[in-house]
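This report concerns only the one structure given below.
Nothing in this text is a laboratory measurement; each read-out follows from the coordinates by a stated rule. Every value quoted in this text rests on a predicted model; they were computed, and no experiment measured them.
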């Protein structure tokens, strides 16, 4: 078992550093500059939103007080509830139970990882559970 504190936190750091260096960027630009996959991007985004360090204006992300708390924070509550009732599930199941899309589920996991509330179980299919 592994917690996502380090992985999601490192990704959040990469996003933060890119925005600090280049200024506001679109999602595609960020993903390309820091060379990560979309799921990791969304998890890092959730982490930074929980830290109140990133916001989105139009199509661009930038550093600053977050305006993403309502969406990501609410989805984090839905994911937490899903994990509380059905421990040890994959991301597809989390999204289905929470009634959110995959990118929102990853952002919610990033938020919960920042709170150190989830664990990852790695085998043939990565699964998540609450600490």
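Compute the long axis of helix 74-85 from its Cα atoms, compare it with the longest principal axis of the Cα atoms of the chain, and write down the angle in degrees, 0 to 90, nearest 10.
Tilt relative to the chain: about 20 degrees.
Just subtract the alpha-carbon distance of residue 87 and residue 10 from 0.36 nm times their residue separation and send over the number in nm, one decimal.
Values: separation 77, 0.36 × 77 = 27.72 nm, distance 2.52 nm.
The residue 87-residue 10 span can extend by a further 25.2 nm.
Suppose only helical runs count, i.e. DSSP H with n ≥ 4. What mean residue ellipticity at 222 nm does that imply for the chain under -39500 (n - 2.57) per run, divided by all residues and rounded to the nearest 500 deg cm²/dmol?
Values: 6 runs with 72 residues, N = 131.
So the helix-based figure for the chain works out to -17000 deg cm²/dmol.
Would you mind computing the Rg to Rh ratio of the stretch 5-63 from its alpha-carbon coordinates, Kirkwood style for Rh? Intermediate values should be presented prior to the final figure.
Details: Rg = 10.0 Å, Rh = 11.0 Å.
Rg/Rh: 0.91.
Can you give the extra length, in nm with one decimal, that the chain gains between residue 62 and residue 122 once fully stretched, where that is 0.36 nm per residue apart less the Cα-Cα distance? Can you show the working numbers first?
Values: separation 60, 0.36 × 60 = 21.60 nm, distance 3.23 nm.
Between residue 62 and residue 122, full extension yields 18.4 nm more.
Taking every pair of Cα atoms in the chain, average 1/r, invert it to obtain the Kirkwood radius, and report Rg/Rh to two decimals. Intermediate results must be reported in sequence, preceding the final value.
Values: Rg = 13.9 Å, Rh = 14.4 Å.
Value, to two decimals: 0.96.
State, as an integer percentage, the relative contact order of the chain based on alpha-carbon contacts under 8 Å between residues 6 or more apart.
Details: 238 pairs, mean separation 39.5, N = 131.
Averaging sequence separation for qualifying contacts and normalising by length gives 30 percent for the chain.
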